[in-house]
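What follows is one structure encoded as structure tokens, with my remarks underneath.
The values are calculated or read from the model by the stated rules, or taken from the named source; none is laboratory data. Given the structure is predicted, the values throughout are model-derived calculations rather than measurements. Cβ: placed from backbone, ideal geometry, glycine included. Neighbour counts: every protein chain shown. All accessible areas refer to the heavy atoms of the entire protein, side chains included, with ligands and DNA or RNA removed. Shrake-Rupley method; radii C 1.70, N 1.55, O 1.52, S 1.80 Å.
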Amino acid sequence: IVEAKQLYRQPTMLPLPRSGTTRHAFRCLVPVVYLALLLSTECALSSAADVDVGLPSSSDGTTKSESPTSSDHLSSSTRTSHPHTIREGLHFLALGDWGGRELWPYCTLSQVRTAAGMSSVASSHNSSFVLALGDNFYSHGQATPRRFAATFERVYHQKSLKVPWYVTAGNHDHLGNVSGQLAYHDVDPRWNYPSLFHTMKQAFRVGVGDGGDGVDGDGSIMRSIEVILIDTVVLAGMHQLSQPSQLGYFDPLPGPASSLEANMHLRWIEHHLAKSTADYLFVAGHYPVYSACSHGNTDYLIENLEPLLKKYDVTAYLSGHEHCALHIERNGMDYILTGTGDECCYEATNIDGLPADADLRYLLSAEHNDNSVVGGFASFQVEASGAGDKMKVVYHDERGRELYSTDLHARVKPVGDSLVMKDTQ
């Protein structure tokens, strides 16, 4: 933008026409053309290599589990990550609202720069997977081969991001071809989206143990993570609107289109929560439970999902939807929102709508953006050293720089009639 302004302000840089009106029009047109060329160069051609979505690249050694047992896209399926070698420690990324745009070049400059920041962090920490938290294809969910190539493959082309992506859908995805995103599960091993509701699990090693529960044969402690990915649009409904400028875009959600279907999936969620033995258990969806930004709280999730999160000692709930970032803690539950994969930021118009006992620990919004952030993501890390009972969460800007960090703790798990923290120090 600075360079484009210079083109306008310095007529000596250009062979301008003599006519005053034509001269002014020419000076206005050149920066626009310049910005278009800049965007197309950095966005549409962000990868030097051509991308063939019919020939998916390999991942980092994780193998795909069984495909869905039902052709119903609302069926439940579980995918388990089986690395050939168990990793030392754990690191992964989470990214919401990253879906580019529906016109050429099908991505945005801030999205590309955020991808570069993700790549830098992933390379430094050997990230094992990415959680994609919905609104994967703006604005009407056009999940076509062209969009997969231009919005996903070419933008997130770096080697460090060629890891499994575990996907859930957002409201913009449901405006279009969600079935195309589900079908891509069988095209690219990086794209893990077998059904609208699914889970992933991964084991990892930490520290050195001295025998006892959770200690592997070589002396290291085995830990595990499980993420239950849910479709919050099925649960809480949506507006048939695609642009923030449209009247009603930020109105409260209407609730599920089918209460029977929503109840069925709530039972599925509770079933998987109840049987999980993971040290770190996450639920990830598109809509937030609580939000200070433009969309605000999701009443259906507060009434129906939050009690399950608390009952089964979920580590944290992850979401996007709001083009901002925030961390809220309420009654021992952590809510991590990261929705700046494509742009930043919405205004914090609903900050007064948070419950009085909700602790807003971090907020990145239009009014709270001292660092001029234009995009971002979150990372999660359990150090390889130590007992593995603590996970560090970091919010990053588009360059990968740390904006805020906090700690999450391993779950309290039932053993007999008591509750203990496994292998804590």
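The residue of the range 139-188 that is surrounded by the fewest Cβ atoms within 10 Å (Cβ to Cβ), among those that are polar (S, T, N, Q) and over 23 Å from Met238 (Cα atoms), is Gln158.
Got a number for residues in the range 256-272 being under 23 Å from the mean Cα position of the chain (by Cα) and either of a type outside the set (A, V, I, L, M) or more than 27 Å from Met391 (Cβ to Cβ) (or both)? So the count comes out to 6.
Taken over the range 89-124, residues that are over 22 Å from His321 (Cα atoms), assigned to a loop (DSSP other than H, G, I, E, B) and open to solvent by 10 Å² or more (accessible area, probe 1.4 Å) amount to 1. The single condition among (1) within 17 Å of the chain's Cα centre (by Cα); (2) touching a residue at least 60 places away in the same chain (Cβ under 8 Å); (3) open to solvent by 10 Å² or more (accessible area, probe 1.4 Å) that Gly207 does not meet is (1). Just one of the listed residues (Phe137, Phe148) is touching a helix residue (DSSP H, G or I) at 6+ places or on another chain (Cβ under 8 Å) and in a helix (DSSP H, G or I), and it is Phe148.
For the range 176-183, indicate whether the set of residues that are over 26 Å from Met264 (Cα atoms), at pLDDT 95 or above and not basic (Lys, Arg) is non-empty.
No, the range 176-183 contains no residue that is over 26 Å from Met264 (Cα atoms), at pLDDT 95 or above and not basic (Lys, Arg).
Remark: pairs (first residue in the range 316-333, among the β-branched types (Val, Ile, Thr); second residue outside any strand (DSSP E or B) and open to solvent by 10 Å² or more (accessible area, probe 1.4 Å); Cβ separation under 6 Å; 6+ apart in sequence or on different chains) = Ile328/Ala358. The residues of the range 367-382 that are in a loop (DSSP other than H, G, I, E, B) and either farther than 26 Å from Ser245 by Cβ or free of Cβ contacts under 8 Å to residues at least 40 places away in the same chain (or both), listed by number, are Glu367, His368, Asn369, Asp370, Asn371, Ser372, Val373. Within the set Arg361, Arg330, the sole residue that is open to solvent by 60 Å² or more (accessible area, probe 1.4 Å), at pLDDT 95 or above, among the basic types (Lys, Arg) and farther than 22 Å from Val234 by Cβ turns out to be Arg361. For the range 276-329, taking the residues that are in contact with an Asp or Glu (Cβ under 6 Å, 6 or more places away or on another chain) and among the hydrophobic types (A, V, I, L, M, F, W, C), the one that is farthest from Leu229 (Cα to Cα) is identified as Cys293. Would you mind stating whether Ala284 is farther than 18 Å from Ala358 by Cα, at pLDDT 95 or above, buried (at least 17 other Cβ atoms within 10 Å of the Cβ) and out of contact with any Leu (no Cβ under 7 Å at 6 or more places or on another chain)? Judged against the criteria, Ala284 is not a match. Checked against (1) assigned to a loop (DSSP other than H, G, I, E, B); (2) within 30 Å of Phe152 (Cβ to Cβ), Ser385 passes all but condition (2). Listed by position, the strands (runs of 3 or more DSSP E) enclosed by the range 273-360 that each have at least 1 residues that are under 21 Å from the mean Cα position of the chain (by Cα) and of a type in the set (Gly, Ala, Ser) are 280-284, 316-319, 325-330. Residues in the range 266-281 that are touching a strand residue (DSSP E or B) at 6+ places or on another chain (Cβ under 6 Å) and open to solvent by less than 20 Å² (accessible area, probe 1.4 Å): His272, Ser276, Ala278, Asp279, Tyr280, Leu281.
Only one of the numbered conditions (1) closer than 30 Å to Phe204 by Cα; (2) surrounded by 16 or more Cβ atoms within 10 Å (Cβ to Cβ); (3) out of contact with any Phe, Trp or Tyr (no Cβ under 6 Å at 6 or more places or on another chain) is violated by Ala378, and that is (3).
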